[in-house]
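**Student:** This is the structure, below, for whatever I ask next.
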Amino acid sequence: MSMTLFDTHAHYDARQFDADRDQVLSALPAQGVELVVNPGCDLDSSRRAVGLARRYPFVYAAVGVHPEDCGNWTEGDLAELRALAAQPKVVAIGEIGLDYYWKDNPRELQQRVFRSQLALARELDLPAVVHDREAHGDCMDIVREFPGVRGVFHCFSGSAEMACELVRLGWMISFTGVLTYKNARKAVEAAQAVPLDRIMIETDSPYMAPVPYRGQRNQSGYVAQVCTRLAELKGLDPEQCSRITLENGRNFFRIPG
Ligand code: NI
């Protein structure tokens with residue numbers, strides 16, 4: 001038995017992969033990586049995500065404008081995202097959300113862009129991939145305004161209580177290599193609290209590399225370390241955990257088996 005992994009969040013359009021993108025991606029299937037979702041961060045990165053999905057059979061794309069990249073947002077961007085979302089293998093709107101750590105974009109603008117894209121997810125009946133950094137309360141309030149939208153909080157950083165509330169609202173929780181860090185008490189508690197069928201795993205490559213690669217450039221093969229840690233927390237074999245999280249991701253993004 002070996003692991004069958006789904007990295008539900010990785011940014012291969014990022015410049016950190018400019019020198020060896022094809023090499024890194026082509027090596028993934030041999031590391032047990034069966035599927036990758038590459039979310040966009042702005043219009044250009046969303047276009048590149050769609051291009052990667054076209055090129056690699058195991059890559060799927062999400063399209064969206066990240067709160068750190070929403071400074072030039074116009075409502076015309078929605079039409080562009082709608083057109084991109086109609087491309088083959090686009091499985092979600094993301095990544096979208098709120099980031100109050102970086103202060104470049106005013107909170108009101110971030111909230112407006114987040115709401116517009118959640119409305120697009122609802123219109124297109126696509127799941128949403130949400131980035132929430134130091135904005136838990138406002139993210140929850142805005143998500144509650146869209147009861148018809150399903151989504152995932154990626155790189156989850158909230159409390160166990162918040163995770164359970166999201167699960168109650170029908171949402172998924174996704175964990176990164178943070179689970180493997182020594183100071184990861186909050187993420188560990190959330191992973192223990194969330195039912196296994198509502199959990200997905202991801203690398204958030206090129207960021208957030210798990211132990212023992214912490215500080216290095218991340219890549220989807222390292223989702224194995226996230227899987228192994230989650231398995232330990234849930235009392236499962238890593239292989240079993242990889243199969244369950246793969247299945248969860250397939251169902252969530254509606255990727256046929
Ligand atoms: Ni991301």
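Just so it is clear, none of the values below were taken in a lab; they were calculated from the coordinates. Just so it is clear, the model here is predicted, and its values are computed rather than measured. With ideal geometry, Cβ positions are generated from the backbone for all residues, glycine too; neighbour counts draw on all protein chains shown.
**Student:** Among the candidates Glu34, Glu95, which residue alone is part of a strand (DSSP E or B), in contact with a Cys (Cβ under 7 Å, 6 or more places away or on another chain) and acidic (Asp, Glu)?
**Tutor:** Just a single option satisfies the conditions, and that option is Glu95.
**Student:** Mind checking whether some residue in region 178-199 is of a type in the set (Lys, Arg) and not in a helix (DSSP H, G or I)?
**Tutor:** Among the residues of region 178-199, at least one is of a type in the set (Lys, Arg) and not in a helix (DSSP H, G or I), which makes the answer yes.
**Student:** Taking Gly71 as meeting all but one of (1) outside any helix (DSSP H, G or I); (2) out of contact with any strand residue (DSSP E or B) (no Cβ under 9 Å at 6 or more places or on another chain); (3) within 16 Å of the ligand (Cβ to nearest atom), write down the number of the exception.
**Tutor:** The single condition Gly71 does not satisfy is (3).
**Student:** Let me ask you something else. Could you tell me which residue of region 6-27 is nearest to the chain's Cα centre (by Cα), considering only residues that are surrounded by 22 or more Cβ atoms within 10 Å (Cβ to Cβ) and either within 16 Å of the ligand (Cβ to nearest atom) or closer than 21 Å to Cys155 by Cα (or both)?
**Tutor:** In this case the residue turns out to be His9.
**Student:** Something else: Test each condition in (1) within 30 Å of Glu123 (Cβ to Cβ); (2) within 16 Å of the ligand (Cβ to nearest atom); (3) assigned to a helix (DSSP H, G or I) for Val152 and report the one that comes out false.
**Tutor:** (3)
**Student:** Continuing with this model, one more query. Looking at (1) in contact (Cβ under 8 Å) with a residue 24 or more places away in the chain; (2) closer than 19 Å to Ile255 by Cα, which one does Ala86 not meet, given that it meets all the others?
**Tutor:** (1)
**Student:** Does at least one position in region 192-202 carry a residue that is touching a residue at least 12 places away in the same chain (Cβ under 8 Å), among the acidic types (Asp, Glu) and under 21 Å from Val167 (Cβ atoms)?
**Tutor:** Yes, that holds for at least one residue.
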